[in-house]
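Down below is the structure, laid out as structure tokens.
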Amino acid sequence: MVNQVRVAVLVSGGGTNLQAIIDARDAGQLPAAELALVVSSRPDAFALERACRAGIPAAVADRKALGDQAAFEQTLLSLLQEQGIEVIVLAGFMTILSEDFVRRYPRRILNVHPSLIPSFCGAGYYGLKVHEAALSRGVKVTGATVHFVNEIPDGGEIIAQKAVAIEPGDTPEILQKRVMQQAEWVLLPQAVQTVCREIQQQREETP
Ligand code: GAR
């Protein structure tokens, strides 16, 4: 479609959040966005298979094989620039991006985090660890947050949040699934559309 914003989704694992974005696209709920690229930081991520099935160009920037953060980010940057990417979505992407990198994309990188920020977030809080921490603290409500990425891990402006109840007998795995189903998979595609629509509107206003 004309004037769609070119989006890259960065992944490291199963890619259920990527799938939610693909499903939203297929349901016509992402008219402002073109899913132009998927990049995985791991060669064995199932998310790559999801991208392939959905017909989205996919690439690997192998974090381990590339060694240091600078080489990894240079590879990533080249892939994004080659594809003319304007918006980057971190969807289960398990690498913290450097200050230098995020400064290149102000208010153009989104992240989904599986808690209600500012609880259970920042360096060391990722994946199941977040849910383990929520359960051991004994909170009764958790949720998910979509936010812009800045130089502070999980510290950027909040775009959307949704609360999810913790039930008696929850394990980290059960809670993770509920937070994904009730919050992450709902919020993330909506936020992608909202941010891309705003960019489209800014373009329309600029002669
Ligand atoms: C999701 O729960 C996501 O919120 C979390 O990892 C999971 C990835 O699942 N991300 C973080 O913890 C980032 N700090 P997915 O690969 O199935 O989308």
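The values are calculated or read from the model by the stated rules, or taken from the named source; none is laboratory data. Because the structure is a prediction, the values reported are computed rather than measured. Note that each Cβ is placed from the backbone with ideal geometry, even for glycine, and that neighbours are counted across all protein chains shown.
Answer yes or no as to whether residue 48 is buried (at least 18 other Cβ atoms within 10 Å of the Cβ), touching a residue at least 40 places away in the same chain (Cβ under 8 Å) and out of contact with any Leu (no Cβ under 8 Å at 6 or more places or on another chain).
no
Of the conditions (1) out of contact with any helix residue (DSSP H, G or I) (no Cβ under 8 Å at 6 or more places or on another chain); (2) within 14 Å of the ligand (Cβ to nearest atom), residue 131 clears all except one; give me its number.
Condition (1) is where residue 131 drops out.
Pairs, please: C-beta under 8 Å, at least 6 apart or cross-chain, first residue closer than 15 Å to residue 141 by Cβ and in a helix (DSSP H, G or I) and in the range 163-178, second charged (D, E, K, R) and modelled with pLDDT of 95 or more?
What qualifies is 178/167; 178/170.
Given the structure, is residue 138 within 11 Å of the ligand (Cβ to nearest atom), more than 15 Å from the chain's Cα centre (by Cα) and among the small types (Gly, Ala, Ser)?
Spelling it out, it is not the case that residue 138 is within 11 Å of the ligand (Cβ to nearest atom), more than 15 Å from the chain's Cα centre (by Cα) and among the small types (Gly, Ala, Ser).
Check 184, 173 and return the single one that is under 22 Å from residue 20 (Cβ atoms), surrounded by fewer than 17 Cβ atoms within 10 Å (Cβ to Cβ), modelled with pLDDT of 95 or more and within 13 Å of the ligand (Cβ to nearest atom).
So the residue among 184, 173 that is under 22 Å from residue 20 (Cβ atoms), surrounded by fewer than 17 Cβ atoms within 10 Å (Cβ to Cβ), modelled with pLDDT of 95 or more and within 13 Å of the ligand (Cβ to nearest atom) is 173.
So which pairs qualify, if the first residue must be in the range 11-39 and more than 15 Å from residue 85 (Cβ to Cβ), the second must be away from the ligand (no atom under 13 Å from the Cβ) and modelled with pLDDT under 95, the Cβ gap must be under 7 Å, and the two must be at least 6 apart or on different chains?
Every condition considered, the pairs that remain are 31/1.
Of everything in the range 1-28, what is of a type in the set (S, T, N, Q) and within 16 Å of the ligand (Cβ to nearest atom)? Give them in sequence order.
Scanning the range 1-28 gives 12, 16, 17, 19.
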